[in-house]
Amino acid sequence: MAKGFTEREKIIITNNLLERGKELFSVFGIKKTSIGDLTKAVGIAQGSFYSFFNSKEELYFEILEKEEKILKEKILKNFNIYEADASSFKDFLLSGLREVEKNTFLKTLYNRDEFELIVRKLPEEKIAKHIATDGDDLLPLIQYWQQKGMMEKFNPDAIAGVIRALFLLSTHKKEIGDGVYDETLELIITLIANGLFKGRE
């Protein structure tokens, strides 16, 4: 990191960039938030930003991973994984999507241009690692349900992919149609839940 910053200052500045970055990205999005906006918000020179993050997209992505972790913990806290069925799994998915709707930062991903910018600017290995981490979170649950005979024995990786795809549908809201988006989403969730927990409502 930059010379001239003590270790304590580095930690404080990094945390401030994460905190203020979340605020700025939530209001203006990643395209309209500049490096200058971020450094001004935390009181450092613009050139010093690159001593902490390689790009504003990298900063955004680190905030995204933190927000997703908090979201997952919140959703799982209210879900009884030991008695899952089609109905409770549907509620589980719907509650996750509602939490995303309430999170002003995560909602920036609903803008497809913003989403594509992040994917385009970030290194492929970082995206791949993020997807793998999502799988690491989901696979133990899927495998548990399958072992207990609660869930149909489709490929666990494919099931995890279906769940990821569901949450990415928000980036195609305009293509789906604003007027039918909510109804379409609920129908897809119902079909997924009934297909995975067939006959177990």
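Here are some notes:
- If you filter segment 30-39 down to residues that are crowded, with 17+ Cβ neighbours inside 10 Å and under 14 Å from residue 57 (Cβ atoms), you find that the one that is modelled with the highest pLDDT is 38.
- Selection of segment 117-158 for residues being among the acidic types (Asp, Glu) and over 17 Å from residue 65 (Cα atoms) yields 152, 157.
- Being part of a helix (DSSP H, G or I), closer than 27 Å to residue 167 by Cα and over 22 Å from the mean Cα position of the chain (by Cα) is a description that applies to residue 82.
- Any hit, segment 54-74, residues being of a type in the set (A, V, I, L, M) and more than 23 Å from residue 127 (Cβ to Cβ): no
- Any pair with Cβ under 8 angstrom, 6 or more apart, that starts in segment 65-93 at a residue that is in the same structural domain as residue 106 (by TED's automatic domain parsing) and ends at one that is part of a loop (DSSP other than H, G, I, E, B) and exposed (fewer than 13 other Cβ atoms within 10 Å of the Cβ): 85/201; 86/198; 86/201; 87/201; 88/80
- So residue 185, is it closer than 16 Å to residue 95 by Cα, modelled with pLDDT of 90 or more and buried (at least 17 other Cβ atoms within 10 Å of the Cβ): yes
- Condition met for residue 42 (exposed (fewer than 13 other Cβ atoms within 10 Å of the Cβ) and not basic (Lys, Arg)): no
- Selection status of residue 127, surrounded by 17 or more Cβ atoms within 10 Å (Cβ to Cβ), modelled with pLDDT under 85 and assigned by TED's automatic domain parsing to the domain that holds residue 69: no
The values are calculated or read from the model by the stated rules, or taken from the named source; none is laboratory data. What you are looking at is a predicted structure, and each value in this text was computed from that prediction instead of being measured. Backbone-built Cβ (ideal geometry, glycine too); neighbour counts: all protein chains shown.
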